[in-house]
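Asks: Okay, here's the structure, questions in a sec.
The values are calculated or read from the model by the stated rules, or taken from the named source; none is laboratory data. From a predicted model like this one, the values you see are computed outputs, not experimental measurements. Cβ placement follows ideal geometry from the backbone for every residue including glycine, while neighbour counts extend to all protein chains displayed.
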Amino acid sequence: MVKTMHAAIVESFGRPLVLQERPIPSPGPGQILVKTEACGVCHTDLHAAQGDWPLKPVLPFIPGHEGIGRVVATGAGVRLVKEGDRVGVPWLFSACGHCENCLAAWETVCGEAEYGGYTKNGGFAEYILADPDYVAKIPDLLSPQQAAPLICAGVTTYKGLKVADLRAGEWVAISGAGGLGHLAIQYAKVMGLRVCAIDIDDGKLAHATRLGADLVVNATSPDAVERVRVGTDGGAHGVLITAPSLGAFKQGVGMARKRGTCVLVGLPPGEFAIPLFDVVANCITIRGSFVGTREDMAEALSFAAEGKVKADIELQPLSAVNTVFERLQHGDVAARVVLDFAVA
């Protein structure tokens with residue numbers, strides 16, 4: 001008799017996910033099988049299910065790239081992990097390991113990279129196949145539910161702050177204080193930065209203040225950019241744009257001071273116009289940042305294991321995934337939703 005698992009599957013772009021049973025996969029050589037304990041829900045999952053981006057997943061597929069669980073089976077040749085280990089199956093599912101980017105520890109931009117919940121089936125299922133070379137090792141002090149958002153939202157914002165090349169005491173403006181932004185604020189404070197949080201939701205801005213933001217600005221204010229520039233004494237040294245909004249991208253460039261760095265991590269569909277004169281005349285750097293490497297992942301998880309960063313989470317069962325997607329679509333998620341597989 002074939003053993004089955006429950007999974008939430010994208011069968012058509014823009015349509016609700018289908019909840020169904022599928023055979024539990026078996027790990028082949030160099031693979032592991034993870035029994036899912038929790039999986040975060042990311043805005044990227046929504047983009048994937050809607051087919052928003054130029055490179056679309058092949059239908060049907062299982063989304064989810066914040067899956068945490070125990071290794072329950074290993075294929076031939078696996079040495080790095082063993083049965084019983086708790087691991088995370090992140091967005092970077094695997095990479096080639098030998099191209100110039102991989103050799104420079106930039107495996108996230110490997111031309112042969114595979115992505116969890118996108119080009120490979122992900123964590124919206126009770127079991128996940130994974131590559132043991134690219135799973136995250138979850139510290140014992142972190143629960144699977146707390147760890148789930150950190151292997152995407154956490155490492156993404158942490159890496160974005162790192163590539164902004166900021167020094168302790170400098171200003172960082174964080175655009176978007178929700179799922180990614182509330183973690184970015186905490187990482188920034190740990191790094192000794194002064195934080196200006198920007199959002200359209202006053203409730204999220206109040207929470208940003210509780211998390212340590214030194215200045216908050218509502219992005220809907222007509223003078224939002226000027227308020228940031230005045231409050232940071234001439235503009236932020238670094239701007240981290242986590243909001244999936246083209247308006248936030250345009251605002252963010254204007255919030256940077258001369259010789260500042262604007263780091264883009266949000267991925268709204270579409271394109272935005274860069275104010276070229278301002279960028280050139282003010283020597284502003286605009287930099288994309290795409291999740292984080294395995295080293296970044298270990299560092300981001302370590303901060304959380306030490307109690308310095310904590311994700312605000314809301315637990316939901318797998319069966320509620322379509323409702324969660326609807327809420328994400330309408331901006332009705334305060335921080336991060338985690339699918340809890342311990343809940344029936």
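Asks: Counting just the residues of segment 226-260 that are touching a strand residue (DSSP E or B) at 6+ places or on another chain (Cβ under 9 Å) and β-branched (V, I, T), which one comes out nearest to K204 (Cα to Cα)?
Replies: T242
Asks: Then there is this: Those residues that are crowded, with 24+ Cβ neighbours inside 10 Å and of a type outside the set (A, V, I, L, M, F, W, C), I need them from segment 145-172; list them, please.
Replies: Correct list: P149, G154, T156, T157, Y158, K159, G160.
Asks: Of the residues E170, E126, E107, E114, only one is under 30 Å from V217 (Cβ atoms), of a type in the set (D, E, K, R) and either assigned by TED's automatic domain parsing to the domain that holds A305 or out of contact with any Phe, Trp or Tyr (no Cβ under 9 Å at 6 or more places or on another chain) (or both); which? Give the derivation first.
Replies: Working: E126 fails: under 30 Å from V217 (Cβ atoms); E107 fails: under 30 Å from V217 (Cβ atoms); E114 fails: under 30 Å from V217 (Cβ atoms).
When all the criteria are applied, what remains is E170.
Asks: Moving to a separate point now. Evaluate segment 128-137: report whether one residue or more is under 26 Å from V239 (Cα atoms) and assigned to a loop (DSSP other than H, G, I, E, B).
Replies: Looking through segment 128-137, none of the residues is under 26 Å from V239 (Cα atoms) and assigned to a loop (DSSP other than H, G, I, E, B).
Asks: Quickly run through segment 226-270 and pick out the residues that are without any contact (Cβ under 8 Å) to a residue 24 or more places away in the chain and acidic (D, E).
Replies: E226
Asks: For segment 139-176: of the residues being outside any helix (DSSP H, G or I) and aliphatic (A, V, I, L, M), which is farthest from G252 (Cα to Cα)?
Replies: Here the residue is L141.
Asks: Something else now. Among the residues of segment 79-87, is any outside the structural domain of V265 (by TED's automatic domain parsing) and either crowded, with 22+ Cβ neighbours inside 10 Å or under 25 Å from Q50 (Cα atoms) (or both)?
Replies: Yes: segment 79-87 contains one or more residues that are outside the structural domain of V265 (by TED's automatic domain parsing) and either crowded, with 22+ Cβ neighbours inside 10 Å or under 25 Å from Q50 (Cα atoms) (or both).
Asks: When residues of segment 118-144 are filtered for being buried (at least 19 other Cβ atoms within 10 Å of the Cβ) and either in contact with a helix residue (DSSP H, G or I) (Cβ under 6 Å, 6 or more places away or on another chain) or of a type in the set (A, V, I, L, M, F, W, C) (or both), how many remain?
Replies: Here the count works out to 10.
Asks: Can you find even one residue in segment 260-272 that is surrounded by fewer than 21 Cβ atoms within 10 Å (Cβ to Cβ) and outside any loop (DSSP other than H, G, I, E, B)?
Replies: yes
Asks: Is it true that some residue in segment 301-320 is in contact with a strand residue (DSSP E or B) (Cβ under 8 Å, 6 or more places away or on another chain) and closer than 30 Å to C96 by Cβ?
Replies: Taking every residue of segment 301-320 in turn, at least one turns out to be in contact with a strand residue (DSSP E or B) (Cβ under 8 Å, 6 or more places away or on another chain) and closer than 30 Å to C96 by Cβ.
Asks: Can you confirm whether segment 180-196 contains a residue that is in a helix (DSSP H, G or I), surrounded by 24 or more Cβ atoms within 10 Å (Cβ to Cβ), among the β-branched types (V, I, T) and modelled with pLDDT of 95 or more?
Replies: Looking through segment 180-196, at least one residue is in a helix (DSSP H, G or I), surrounded by 24 or more Cβ atoms within 10 Å (Cβ to Cβ), among the β-branched types (V, I, T) and modelled with pLDDT of 95 or more.
Asks: Hey, can you tell me all the residues within segment 221-250 that are part of a helix (DSSP H, G or I) and modelled with pLDDT under 95?
Replies: Result: L246, G247, A248, F249, K250.
Asks: Another question, then. May I ask you to say which residue of P23, P54 is in the same structural domain as G331 (by TED's automatic domain parsing), modelled with pLDDT under 95 and surrounded by fewer than 17 Cβ atoms within 10 Å (Cβ to Cβ)?
Replies: Every option except P54 fails the conditions.
Asks: Looking at I185, is it of a type in the set (A, V, I, L, M, F, W, C), in contact with a Leu (Cβ under 8 Å, 6 or more places away or on another chain) and outside the structural domain of V333 (by TED's automatic domain parsing)?
Replies: For I185, the condition - of a type in the set (A, V, I, L, M, F, W, C), in contact with a Leu (Cβ under 8 Å, 6 or more places away or on another chain) and outside the structural domain of V333 (by TED's automatic domain parsing) - is met.
Asks: Follow-up question, since we're still on this one. Looking only at residues that are over 19 Å from G254 (Cβ atoms) and without any contact (Cβ under 8 Å) to a residue 60 or more places away in the chain in segment 206-225, which one is surrounded by the fewest Cβ atoms within 10 Å (Cβ to Cβ)?
Replies: Among those that are over 19 Å from G254 (Cβ atoms) and without any contact (Cβ under 8 Å) to a residue 60 or more places away in the chain, it is R210.
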